[in-house]
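Accompanying notes for the structure given below.
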Amino acid sequence: MTVIEGEALNEVRSSFSGELLQAGDTGYDDARQVHNGVIDKRPALIARCRTTADVADAVRLARQADAEIAVRGGGHNVAGRACTDGGVMIDLAPMRGIYVDPKRRTVRAQGGTTWGEYNRAAAVHGLATTGGVISTTGVAGLTLGGGIGWLMGKHGLSIDNLLAVELVSAEGEVLTVSEDEHPDLFWALRGGGGNFGVAASLEFAAHPLTTVLGGIVAHPLASATEVLRYYREFVEGAPDEVTAFAGLVHAPDGSGDKIVGIPLCHCGPLDQAERDLAPLRSFGPPAIDLVQPMPYPVVNTLLDEGFPKGARNYWKSAFLSELTDETVGILVDAFARTPSAMSGMVIEYFHGEAVRVPPTATAFPHRQAGYNLVIAGEWLDPAEDDANIAWVRELFAALAPFTADRTYVNYMDADESERVRAAYGPNWDRLVEVKRQYDPNNVFRLNQNIDPSS
């Protein structure tokens with residue numbers, strides 16, 4: 001463990017507006033916890049920042065001590081890279097300021113803001129931005145990796161709405177990064193993860209939106225094969241306003257029943273939404289139909305209960321070449337054998353504005369229409385780690401003939417460093433060059449790392 005003490009620490013502490021916590025301090029154990037309960041790391045110092053100046057001081061202090069840096073925004077990343085063993089954890093959780101400019105239709109959010117907080121602030125002005133499907137997810141982390149969300153068919157990914165980032169660099173300098181300032185770095189931040197600095201605040205374009213038609217339709221597992229085949233047909237012909245995922249999950253009522261659920265959101269006019277979703281809502285018909293008009297912030301909470309903080313998680317994810325009948329059969333069969341009543345798998349369909357952007361226009365290269373699969377192993381008892389991890393790995397291996405050599409960086413677990421290139425595809429070489437320019441010593445390496453020495 002790095003020892004951080006003495007004159008340098010005292011100098012920072014004298015002006016630091018947040019908290020500097022070490023083992024034994026009140027709040028230390030709470031602050032070091034991230035969403036994934038598997039992660040149990042103990043930083044030498046937790047810098048709970050309140051301002052951009054705090055972030056800059058924390059970066060410089062960590063560098064002076066030659067300490068590993070971890071950056072925590074929302075803390076949702078399944079790999080647990082938001083915390084460090086023995087280094088400095090830069091915790092942005094206290095930085096939750098949000099400023100909405102309704103005339104310009106922009107929203108600026110500090111790096112510790114969650115999407116639930118962002119959506120609530122924007123909704124007061126009748127605005128919304130693509131951002132996540134779980135409301136407790138951090139704005140910064142999700143965006144830097146790409147930003148899948150309910151509005152991506154109509155308005156693109158989170159990065160497609162990003163206007164500027166206030167970034168603390170590896171040198172502890174504060175940079176304004178946009179299309180006009182440091183454009184190469186702005187390109188890299190849109191999908192390159194936390195490789196280039198600490199996002200102290202982010203500014204987004206927002207779109208007029210108040211009410212959506214959203215909710216979940218669900219069928220018993222016995223109907224899963226037919227439902228997933230119909231889901232494939234439906235989404236491939238759906239308009240931009242529709243975002244529909246498919247999940248093999250356990251019923252949220254605690255019964256343990258296995259179901260196939262289709263959570264969805266239509267952000268167009270309600271009369272159009274009713275027409276567009278009618279075929280999906282009548283197919284089967286579903287055992288449960290909870291689709292109804294709702295404020296946009298509410299749709300982003302629909303899946304929250306399925307991902308509670310502190311549950312133990314192990315994930316694998318990849319894009320499917322196509323959603324074939326054979327792939328569906330493997331998924332349904334494996335789900336029938338899951339060892340945990342919390343585990344499941346989600347299929348996310350990419351279409352519309354999210355795939356109209358050229359693959360090299362941003363660092364996020366996955367702009368083909370198609371399916372992203374997430375196998376989410378989730379459980380509570382540490383004694384069940386081996387069984388649940390094995391289930392995820394075995395299913396992922398069985399799907400290998402049907403998956404593309406592409407993956408979404410935000411869903412990668414801690415043991416997948418060999419797949420980082422697959423997350424960036426044709427953009428890898430350019431990302432390495434930007435990394436060499438802005439972080440040649442790989443200060444920000446506790447992530448799905450773009451090694452400047454590659």
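Check region 30-45 and report whether any residue there is acidic (D, E) and part of a loop (DSSP other than H, G, I, E, B).
Yes, some residue in region 30-45 is acidic (D, E) and part of a loop (DSSP other than H, G, I, E, B).
Among the residues of region 124-144, which ones are over 20 Å from M95 (Cα atoms) and modelled with pLDDT of 95 or more?
Matches in region 124-144: V124, H125, G126, L127, A128, T130.
Run P401 past the list (1) open to solvent by less than 60 Å² (accessible area, probe 1.4 Å); (2) within 23 Å of R337 (Cα to Cα) and report the number of the one that doesn't hold.
(1)
Pairs needed: first member in region 150-175, closer than 16 Å to W115 by Cα; second member anywhere, at pLDDT 95 or above and of a type in the set (F, W, Y); C-beta distance under 7 Å; at least 6 residues apart or different chains.
Between residues of region 150-175 that are closer than 16 Å to W115 by Cα and residues that are at pLDDT 95 or above and of a type in the set (F, W, Y), the close pairs are L157/F364; I159/F364; N161/F204; L162/F204.
Would you please name the residue that is least open to solvent (accessible area, probe 1.4 Å), looking only at residues in region 339-387 that are more than 30 Å from G254 (Cα to Cα), touching a helix residue (DSSP H, G or I) at 6+ places or on another chain (Cβ under 7 Å) and among the β-branched types (V, I, T)?
T362
So G74 ticks every box in (1) modelled with pLDDT of 95 or more; (2) farther than 26 Å from A8 by Cα; (3) part of a loop (DSSP other than H, G, I, E, B) but one. Which box is left unticked?
(1)
For D289, all conditions in the list (1) at pLDDT 95 or above; (2) acidic (D, E); (3) surrounded by fewer than 15 Cβ atoms within 10 Å (Cβ to Cβ) hold save one; what is the number of the exception?
(3)
L202 - would you say it is open to solvent by 20 Å² or more (accessible area, probe 1.4 Å), hydrophobic (A, V, I, L, M, F, W, C) and within 30 Å of L162 (Cα to Cα)?
no
For residues that are in contact (Cβ under 8 Å) with a residue 12 or more places away in the chain, more than 16 Å from Y296 (Cβ to Cβ) and in a helix (DSSP H, G or I), tally how many sit in region 258-271.
Result for region 258-271: 0.
Can you tell which of V217, V212, V227 is of a type outside the set (G, A, S) and assigned to a helix (DSSP H, G or I)?
V227
Among the residues of region 272-285, how many are within 12 Å of A238 (Cα to Cα) and either touching a residue at least 40 places away in the same chain (Cβ under 8 Å) or surrounded by 15 or more Cβ atoms within 10 Å (Cβ to Cβ) (or both)?
5
Determine whether region 6-19 contains at least one residue that is touching a Phe, Trp or Tyr at 6+ places or on another chain (Cβ under 8 Å) and either in contact (Cβ under 8 Å) with a residue 12 or more places away in the chain or open to solvent by less than 40 Å² (accessible area, probe 1.4 Å) (or both).
There is no residue in region 6-19 that is touching a Phe, Trp or Tyr at 6+ places or on another chain (Cβ under 8 Å) and either in contact (Cβ under 8 Å) with a residue 12 or more places away in the chain or open to solvent by less than 40 Å² (accessible area, probe 1.4 Å) (or both).
Among F444, F350, which is of a type in the set (A, V, I, L, M, F, W, C), farther than 26 Å from T176 by Cβ and modelled with pLDDT of 95 or more?
Within the list F444, F350, the selection yields F350.
Has region 114-136 got at least one residue that is in contact with a helix residue (DSSP H, G or I) (Cβ under 9 Å, 6 or more places away or on another chain), open to solvent by 30 Å² or more (accessible area, probe 1.4 Å), in contact (Cβ under 8 Å) with a residue 60 or more places away in the chain and part of a helix (DSSP H, G or I)?
Yes: region 114-136 contains one or more residues that are in contact with a helix residue (DSSP H, G or I) (Cβ under 9 Å, 6 or more places away or on another chain), open to solvent by 30 Å² or more (accessible area, probe 1.4 Å), in contact (Cβ under 8 Å) with a residue 60 or more places away in the chain and part of a helix (DSSP H, G or I).
For a quick check of your reading of the model, give me the residue pairs whose first member lies in region 286-312 and is part of a helix (DSSP H, G or I), whose second is open to solvent by 20 Å² or more (accessible area, probe 1.4 Å) and of a type outside the set (S, T, Y), with beta-carbon atoms closer than 6 Å and at least 6 apart or on different chains.
Sorted first by the residue in region 286-312, then by its partner, the pairs are Y296/L209; P297/R120; P297/A123; E305/P252.
The values are calculated or read from the model by the stated rules, or taken from the named source; none is laboratory data. Note that this is a predicted model, so its numbers are computed, not measured. Don't worry about glycine lacking a Cβ; one is built from the backbone with ideal geometry, like all the others, and counts go over all protein chains shown. Side chains are part of the model used for accessible areas, which takes the heavy atoms of the whole protein and leaves out ligands, DNA and RNA. Shrake-Rupley method; radii C 1.70, N 1.55, O 1.52, S 1.80 Å.
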